[in-house]
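Since every read-out is calculated from the coordinates, none of them should be taken as a lab result. Note that the coordinates shown come from a computational prediction; the quantities given were computed from them, not determined experimentally. When we count neighbours, we look across all protein chains shown, and the Cβ atoms used for this are built from the backbone with ideal geometry, even at glycine.
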Amino acid sequence: MLNDILATFYERDIYKLIEEVNLFKDERNLWRTQGSITNPAGNLVLHLIGGSNFHIGTTLGHTGYVRNRDMEFTQKDVPKEHLIAELEKLITTIRQTLGSLTLRDMEADFPGFFDKPGTSTTYVLTQLLLHLNYHLGQINYLRRSLEY
């Protein structure tokens, strides 16, 4: 089913994100920007963790995660090991949540407001995966521009 395919892509891309975090030679660069880039890689990682835990974990999986979106962009100097541990936990949350969804669940309206009324769970999960990849590319670019 589509939810299994999406879970596989989420897992693959979160592991790529973990690899990107690990590739930062100087951990301080996780919290730096360059030029017109306004969000450090570390904050983008926090944003992906927070958004995914909320939309997938809480909204679909009823995990009880409470999101603080503002903190995702203001918190600094979170240790690399903590970011990686949270990403690894996120993989488990996504696998468990998507694994519990039926075809009816996937086709139903997403149980919370996303970007417009009446969007299906499939739409939201696909959009969140695309969002993950967008920020993954930003993080890769920022790492290379700061460290090479």
ask   = Which of the residues spanning the range 38-71 are in a loop (DSSP other than H, G, I, E, B) and of a type in the set (S, T, N, Q)?
value = THR38, ASN39, THR59, THR63, ASN68
task = Would you point out the residue of the range 88-134, among those that are charged (D, E, K, R) and assigned to a loop (DSSP other than H, G, I, E, B), that is nearest to ALA7 (Cα to Cα)?
result = ASP115
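Residues PHE54, PHE73: which one is within 27 Å of VAL21 (Cα to Cα) and crowded, with 17+ Cβ neighbours inside 10 Å?
Among PHE54, PHE73, only PHE54 is within 27 Å of VAL21 (Cα to Cα) and crowded, with 17+ Cβ neighbours inside 10 Å.
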note = Across the range 3-46, the tally of residues that are farther than 21 Å from ILE94 by Cα, hydroxyl-bearing (Ser, Thr, Tyr) and in contact (Cβ under 8 Å) with a residue 12 or more places away in the chain stands at 1
request  = Kindly provide the set of residues from the range 87-112 that are of a type outside the set (Val, Ile, Thr), surrounded by fewer than 17 Cβ atoms within 10 Å (Cβ to Cβ) and either more than 17 Å from GLY64 (Cα to Cα) or under 18 Å from the mean Cα position of the chain (by Cα) (or both), ordered by number.
outcome  = GLU88, LYS89, ARG95, GLN96, GLY99, LEU103, ARG104, ASP105, GLU107, ALA108, ASP109, GLY112
ask   = Has the range 23-37 got any residue that is among the small types (Gly, Ala, Ser), part of a helix (DSSP H, G or I) and either in contact with a Leu (Cβ under 9 Å, 6 or more places away or on another chain) or loosely packed, with under 15 Cβ neighbours inside 10 Å (or both)?
value = no
